[in-house]
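The values are calculated or read from the model by the stated rules, or taken from the named source; none is laboratory data. In this text, all values refer to a predicted model and were calculated from it rather than measured experimentally. When we count neighbours, we look across all protein chains shown, and the Cβ atoms used for this are built from the backbone with ideal geometry, even at glycine. Heads up: the accessible areas ignore ligands, DNA and RNA and are worked out on the full protein's heavy atoms, side chains in. Shrake-Rupley method; radii C 1.70, N 1.55, O 1.52, S 1.80 Å.
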Amino acid sequence: MNLFKLYSRDILGLSVIGFFILSVLGVIFGTIALFNYTSGNTALALSNAHLAATHIIFVIPALIIGHYINRPTWVAAVEKIKFAREIK
């Protein structure tokens, strides 16, 4: 594994964190939509439900990328590089 793959793995890991943050925002919007619906404000509830649906979708690419970057060969290569840097 060269340094380009190492840094690209780090960037993909940061994107996974971003996607999960967007998914959590979707859950928050869904909760707000539920509160709006129970209080009788259906127009605002519909708007928040739409936002929730569009943000919860981001959990799918986060899981796919997370599975991709945690392959055993990549994890072993990263540990090998970290160990080699500690010895120097």
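Here are the numbers for this structure:
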{"read-out": "All positions within region 61-77 that are surrounded by 12 or more Cβ atoms within 10 Å (Cβ to Cβ) and over 21 Å from the mean Cα position of the chain (by Cα)", "value": "Ala77"}
{"read-out": "Residue in region 69-83 that is among the β-branched types (Val, Ile, Thr) and closer than 20 Å to Leu22 by Cα present", "value": "yes"}
{"read-out": "Filtered residue count, region 37-55, keeping only those that are among the hydrophobic types (A, V, I, L, M, F, W, C), surrounded by 11 or more Cβ atoms within 10 Å (Cβ to Cβ) and farther than 15 Å from Phe19 by Cα", "value": "4"}
{"read-out": "Cβ pairs under 6 Å, 6+ apart, first in region 66-84 and without any contact (Cβ under 8 Å) to a residue 60 or more places away in the chain, second part of a helix (DSSP H, G or I) and not basic (Lys, Arg)", "value": "Gly66/Val16"}
{"read-out": "Answer from Phe58, Phe29, Phe20 - the residue that is modelled with pLDDT of 90 or more, in contact with a helix residue (DSSP H, G or I) (Cβ under 7 Å, 6 or more places away or on another chain) and open to solvent by 80 Å² or more (accessible area, probe 1.4 Å)", "value": "Phe20"}
